[in-house]
Amino acid sequence: MERLELSDLVTLLRECAGEEEWTDLDGDILDTPFLDLGYDSLAILQTTGRIERDHTITFDEEAIDAAETPRQYLQLVNELLAARAVV
Amino acid sequence: MSGTVSVARATAVFTGIGIAAPGGLGTATWWAAALRGRTAVGAVTRFDASGYPVRLAGEVPGFTDEEHVPGRLLPQTDRVTRLALAMAKEAVDDCGADLDALPEYAASVVTASSAGGFEFGQRELQALWHQGSKHVSAYQAFAWFNAANTGQLSIRHGTRGASGVLVSEQAGGLDAAAQARRQIRKGSRLVVTGGADSALCPWGWTAHLADGLLSTVDDPQRAYLPFAADAGGHVAGEGGAMLVLEDADSARERGATVYGSLAGYAATFDGGTTPRLGDAARLALADAGAQPGDVDVVFADAAGQRAADRAEAAALAALFGPYGVPVTAPKAMTGRLLAGGSALDLAAALLALRDQVIPPTPGTGQPAADCPVDLVTGAPRRGAPLRCALVLARGRGGFNSAVVLRAAP
């Protein structure tokens with residue numbers, strides 16, 4: 001089953017939205033809000049578009065907007081990927 | 001704010017300069033090139049222009065994005081915004097002010113941009129039509145936009161005062177500086193101003209070509225010859241300059257080095273077939289409380305079109321008399337940079353006032369007989385004191401702007 005791990009998300013964030021000099025994306029950031037990592041809503045939108053494209057899935061926009069941390073975000077992504085695997 | 005009258009008369013002075021333009025990246029490098037007076041125009045390298053009728057451009061040399069742009073901004077910026085970020089950083093560093101120490105709304109950004117982020121826009125349009133809407137960058141939302149430079153600069157430098165963007169083609173750099181002066185007169189302490197453009201991509205090139213004013217001469221030495229009898233158009237370039245304009249009292253209080261003051265400004269619009277560049281110059285002098293005889297050097301618009309060159313020469317002759325004042329056009333080195341062009345001319349004029357030297361106009365050997373201007377050619381001109389400079393610019397569609405600069409006392 002397809003799963004997105006934190007390391008995958010970090011790679012995508014770097015590719016889609018770049019990286020602030022003052023953040024350590026390789027640290028324990030699962031519960032760090034995206035804003036504190038230097039990522040605003042547009043950065044997340046860009047990254048989400050990329051995941052939708054790569055995995056041919058479509059997110060519930062409101063749900064994904066509500067995900068404030070990598071943990072919450074990955075949970076939504078992986079739920080969707082799992083649901084698709086079942087179908 | 002006490003004393004509206006005194007604020008309305010506040011003097012605005014330039015205290016910082018940053019340049020990214022054909023000929024040099026950084027003020028010192030570019031100015032040395034301008035004084036050498038050799039063209040910086042060359043074959044287009046930013047895209048394959050071999051299939052186009054025009055293959056020459058002025059490109060900013062040696063610009064490595066990662067050296068000037070934070071990683072977070074790389075995916076969301078066009079080439080022009082990256083150049084603007086570099087210019088603004090140099091200008092702010094140069095002025096020596098601590099922007100963080102200013103009151104929250106005391107500093108702002110007012111720049112000019114004609115094309116916006118053309119290259120970025122082209123890439124995303126290609127993604128849209130070749131791959132589909134899901135492949136278009138979310139940053140297309142603003143990266144293409146004329147105001148992107150102003151926005152990114154204000155975020156980068158933490159300026160929260162009233163900001164804006166001017167779109168009046170080549171006149172934009174002067175119009176932005178004038179808008180910056182209005183903000184100073186309303187109580188702002190410091191404004192980052194200037195102009196930048198870059199549209200050296202196939203889409204941008206198509207737009208440049210549609211203008212019909214580009215020179216089709218393939219020899220970089222002969223392609224853009226303002227005021228020459230064999231002038232046949234101009235070369236397009238990229239880049240420009242950012243400047244720090246500051247309230248004179250604030251600048252004095254912190255002991256800033258001042259390049260010169262924005263003493264006068266005016267803008268006019270051509271009426272039908274009546275050119276009004278001369279009126280802009282006259283009104284700018286009046287605004288500065290100056291007489292034509294006070295002007296020591298003119299930085300010309302220098303279109304490189306016979307009719308437009310004649311019109312500008314006639315306007316100058318009417319104001320100063322034939323061959324009545326030294327005239328120069330360092331933009332013959334860089335090509336015309338849209339909004340960046342007149343901002344760069346402001347920078348060049350300030351540096352001329354600082355160093356008491358007029359940079360030459362590359363290319364043109366001597367002006368045509370029907371252009372009675374004392375054009376500085378061949379080598380820099382020194383000797384006569386430079387206390388007051390007039391900078392002229394015309395934007396496509398009828399914009400005319402003029403700025404009078406006075407040397408620091």
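None of the figures in this text is laboratory data; all of them are computed from the coordinates on show. Since the model is a prediction, treat every value here as computed from it, not as a measurement. Cβ coordinates were reconstructed from backbone atoms using ideal geometry, including for glycine residues, and neighbour counts include every protein chain displayed.
Results, tabulated for the structure shown:
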quantity	calculated
Viscosity 1.002 mPa s, temperature 20 °C, Stokes-Einstein D of the protein assembly as shown from Kirkwood C-alpha radius, µm²/s	90 µm²/s
Order by protection proxy (mean Cβ within 10 Å, highest first), peptides B:98-104, B:228-234	B:228-234, B:98-104
Karplus-derived 3J(HN,Hα), 6.51/-1.76/1.60, for each residue of segment B:93-106, Hz, glycine and proline x	4, 4, 6, x, 7, 9, 4, 5, 7, 7, x, 3, 9, 8
Fully extended contour minus Cα-Cα distance, from B:I155 to B:R36, at 0.36 nm per residue	39.2 nm
Share antiparallel - DSSP beta bridges, segment B:265-407, percent rounded to 5	65 percent
Amide N proximity, segment B:72-102 versus B:T64 label position 7 Å along Cα-to-Cβ, cut-off under 19 Å	B:72-75, B:79, B:82-87, B:89-90
Average beta-carbon neighbours from other chains, 10 Å sphere, peptide B:66-76	4
For chain B: relative contact order, % (alpha-carbon pairs under 8 angstrom, 6 or more apart)	23 percent
Gyration tensor verdict on segment B:286-350 (Cα atoms; rounded if a/c is under 1.5, prolate if a/b is larger than b/c, oblate otherwise)	oblate
Equivalent ellipsoid, segment B:11-253 (semi-axes from 5 times Cα gyration tensor eigenvalues, Å)	31, 23, 15
Karplus (6.51, -1.76, 1.60) ³J(HN,Hα), θ = phi - 60°, over segment B:350-366, in Hz, Gly and Pro reported as x	5, 5, 5, 5, 5, 9, 6, 8, 9, x, x, 9, x, x, 4, x, 8
DSSP bridge pairs, chain B: antiparallel proportion in percent, nearest 5	70 percent
Built amide H within the under 5 Å cut-off of B:R381, gap 5+	B:I358
Gain in span if fully extended, B:T29 to B:F47, counting 0.36 nm per residue against the direct Cα distance	4.0 nm
Long-range Cα-Cα pairs in segment B:209-270 (distance over 15 Å), rounded percent	70 percent
Debye log10 I(q)/I(0) at q = 0.13, 0.21 Å⁻¹ for segment B:265-407, Cα point scatterers	-0.48, -1.45
Euclidean distance between Cα centres, segment B:315-363 to segment A:2-22, Å	49 Å
Furthest towards positive pole of dipole, A:A82, A:L4, A:I29, structure part chain A, Cβ charges	A:A82
Cα gyration tensor category, rounded, prolate or oblate, for segment B:235-280 with a/c compared to 1.5	oblate
Cut-off under 5 Å, modelled amide H: who pairs with B:A266 long-range	B:A284, B:A402
Coarse-grained scattering of chain A at q = 0.17, 0.20, 0.21 Å⁻¹, given as base-10 log I(q)/I(0) from a Debye sum over alpha-carbon atoms	-0.65, -0.90, -1.00
Percentage relative contact order, segment B:266-311, counting C-alpha pairs under 8 Å, at least six apart	26 percent
Measure of compaction for segment B:129-229 (Cα Rg per 2.2 N^0.38 Å)	1.45
All aspartates and glutamates inside 17 Å of B:K134 as judged from Cα atoms, apart from same-chain residues fewer than 8 positions distant	A:E15, A:E52, A:D54, A:D60, A:E61, B:E124
Cα centroid of segment B:13-81 to Cα centroid of segment B:230-299, whole Å	23 Å
Computed over segment B:39-133, Cα set: Rg, Dmax in Å	17.3, 53
Rg [Å, one decimal], Dmax [Å, integer] - chain B, C-alpha atoms	20.0, 63
Global form of segment B:7-81, assessed from the alpha-carbon gyration tensor, a/c cut-off 1.5	oblate
Computed [θ] at 222 nm, helices only, for chain B once each DSSP H run of length n ≥ 4 contributes -39500 (n - 2.57)	-10000 deg cm²/dmol
Cross-link reach list, lysines versus B:K186, counting only Cα pairs under 17 Å and skipping chain neighbours closer than eight places	none
